[in-house]
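Asker: Starting off with a structure, shown below.
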Amino acid sequence: MGLLNRLFGDDPRKDLDRAAKLLEREPVRALELARKAREAGSGPDVLRRADDLITRARRAVVERAIAQADRAEASNYLDDAAEWLTSALEEAVGDQRRELEERRDGLLQTHQQKLEEARRAELRKPFDDLEAEVADARAYGGDDEDYDPELDGAFDVLAGMLTDELADRYYEQPESFRQAVVTLHEGGSEEALAVLDELIRTEPEEPALRLERGKGRLVQGDGDGARADFEVAWKHWGDGHLDLAGSQSLPGLWAEACLEAGVPEEVIGRLADASDPRQTGVDVVLPFARALMDAEKFDAAGTYLELAAQVYPKQPDFAFLLSIVLDGQGRRSEAIEVLETSVRPSCATGSCGAPPKHLPSLRALVRLLLEENELERARGYLLHVAQARGGRLGVEEHRLSADYFRRVGDEEKAAEAENTANELAAQGPEAVAEPLHSPLQSAQKERVL
């Protein structure tokens, strides 16, 4: 494959040129390219230019993240605001970093309090306890029947995450479109699609409508329909990222739709020359890697995923997929090593800044260790799975527990764990329960985690 033969060639000057172009629009990606050029570059000119771009890009990343946090907090999306501040902390320093940490921690505390209030009142949504404030805002809106502060606030937050060009286009659409966008974001894909279908009958080539309907169709599992919608939007908006965070683009969405439709070869054929992990974002790299796997091009997938994991060390999906390829090639010890290296930062003790635990990687690691009869190591990682899930395990974790008990010779506990797994499977994919017996405790303890 031509792409994979070219992946290991570096040109720091080209990376710096691209970083300079992306600085205003996609500072996160600009920073990645500038840092890569700094590591690969030689000569004072390249190094000075890289250092200058790194400084400017870090400042831009922090400023953009703070601006997004301000918008989210103003609309009472406190968890989103805290997430933006967390991303800003990666590049902030000194007093600014301390201020951002204090603000984030305060937002998270307030958000948690609101969630607890919502649970106690058995509200449908976390922030429905603001209904009285919304009613006051409606009264203030006078005779304007279309004025809906709750809807407009939620839409403002979502539109504020988009690039300026997309946001402007979204605000040009009718009020029913705004409602559909918010509804889709909150999980109501069927209701949102009904509205979008009606709007598209009148404006079949409107890219904003087709983009949102494509997202809804993708949620519904309609890969062919989503692919057709994304094609229309792609022609209008091109390859660039759709959001200010640089996490979503039409090539990536289109690739996801192709995978859902079962045509990975189309992804490989169309995106091969645009999927170098060092030149594009995770939203394209991840579905391209999955396309190689789905097309059973495992050697190419392994090479590609090794590079992707190096370029994006904080993105655990690449290590997880690489472990699947390695295990399928009979290289189980390498698969285990890849997974352990990936999960180690999140499993380290004494670090409140550890990244979130990646459950698919932890589950895969437990499974591989059990198959290798590394029972104590498997038991240790099961503990991290349980911690990540608050002690309430799902179907797969109970099956892993059953496997553990069988391997240590306790058939009674294995049967109980298997029965619990079967009961949860009948309830649905989100069902969880505390285990009757846990491999994470001594044999004398019958209480759960």
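The values are calculated or read from the model by the stated rules, or taken from the named source; none is laboratory data. Please read all numbers here as calculations on a predicted model, not as lab measurements. No Cβ is skipped: glycine too gets one built from the backbone with ideal geometry, and neighbour counts run over all protein chains shown. Side chains included, ligands, DNA and RNA excluded: accessible areas come from the protein's heavy atoms. Shrake-Rupley method; radii C 1.70, N 1.55, O 1.52, S 1.80 Å.
Asker: Test Val408 against the criterion of being in contact with a Phe, Trp or Tyr (Cβ under 8 Å, 6 or more places away or on another chain) and of a type in the set (Val, Ile, Thr), and give yes or no.
Answerer: When the stated conditions are applied, Val408 does not pass them.
Asker: Next question. Residues of segment 401-420 being surrounded by fewer than 22 Cβ atoms within 10 Å (Cβ to Cβ) and closer than 18 Å to Pro360 by Cβ, which ones?
Answerer: Across segment 401-420, the qualifying residue is only Asp403.
Asker: Follow-up. Is it fair to say Ser275 is under 23 Å from Arg29 (Cβ atoms) and of a type in the set (Ser, Thr, Tyr)?
Answerer: yes
Asker: Output the number of residues of segment 312-352 satisfying the condition of being open to solvent by 80 Å² or more (accessible area, probe 1.4 Å) and at pLDDT below 90.
Answerer: Qualifying residue count for the region: 6.
Asker: Say whether the condition of being surrounded by fewer than 14 Cβ atoms within 10 Å (Cβ to Cβ) and modelled with pLDDT under 90 is met by at least one residue in segment 78-92.
Answerer: At the first step, the residues of segment 78-92 found to be surrounded by fewer than 14 Cβ atoms within 10 Å (Cβ to Cβ) are none.
No: zero hits.
Asker: Could you list, in sequence order, all residues of segment 411-429 that are in contact with a helix residue (DSSP H, G or I) (Cβ under 9 Å, 6 or more places away or on another chain) and outside any helix (DSSP H, G or I)?
Answerer: The answer is Pro429, and nothing else.
Asker: For segment 43-58, enumerate the residues that are open to solvent by 70 Å² or more (accessible area, probe 1.4 Å), without any contact (Cβ under 8 Å) to a residue 24 or more places away in the chain and not β-branched (Val, Ile, Thr).
Answerer: Once the filter is applied, which keeps residues that are open to solvent by 70 Å² or more (accessible area, probe 1.4 Å), without any contact (Cβ under 8 Å) to a residue 24 or more places away in the chain and not β-branched (Val, Ile, Thr), segment 43-58 yields Pro44, Asp45, Arg48, Asp52.
Asker: Tell me which residues, restricted to segment 368-382, are surrounded by 18 or more Cβ atoms within 10 Å (Cβ to Cβ) and not small (Gly, Ala, Ser).
Answerer: Once the filter is applied, which keeps residues that are surrounded by 18 or more Cβ atoms within 10 Å (Cβ to Cβ) and not small (Gly, Ala, Ser), segment 368-382 yields Leu368, Leu369, Leu370, Arg379, Tyr381, Leu382.
Asker: One residue is enough: does segment 358-380 have a residue meeting the conditions part of a helix (DSSP H, G or I), free of Cβ contacts under 8 Å to residues at least 24 places away in the same chain and either of a type in the set (Ser, Thr, Tyr) or closer than 23 Å to Gln427 by Cα (or both)?
Answerer: no
Asker: I've got another one for you. When both residues are 6+ apart or on different chains and their Cβ atoms are under 6 Å apart, which pairs have a first residue that lies in segment 300-327 and is under 16 Å from Ala272 (Cβ atoms) and touching a residue at least 12 places away in the same chain (Cβ under 8 Å), and a second that is open to solvent by 50 Å² or more (accessible area, probe 1.4 Å) and not small (Gly, Ala, Ser)?
Answerer: The qualifying pairs are Ala300/Met1.
Asker: Still on this model: Can you give me the ranges of the helices (runs of 4 or more DSSP H) entirely in segment 220-304 with at least 2 residues that are in contact with a Ser or Thr (Cβ under 7 Å, 6 or more places away or on another chain)?
Answerer: Details: elements: 223-237, 250-261, 264-271, 282-294.
Fully inside segment 220-304 and qualifying: 282-294.
Asker: Kindly provide the set of residues from segment 167-197 that are more than 22 Å from Lys235 (Cα to Cα) and open to solvent by 30 Å² or more (accessible area, probe 1.4 Å), ordered by number.
Answerer: Pro174, Glu175, Ser176, Arg178, Gln179, His185, Glu186, Gly187, Glu190, Glu191, Ala194, Val195
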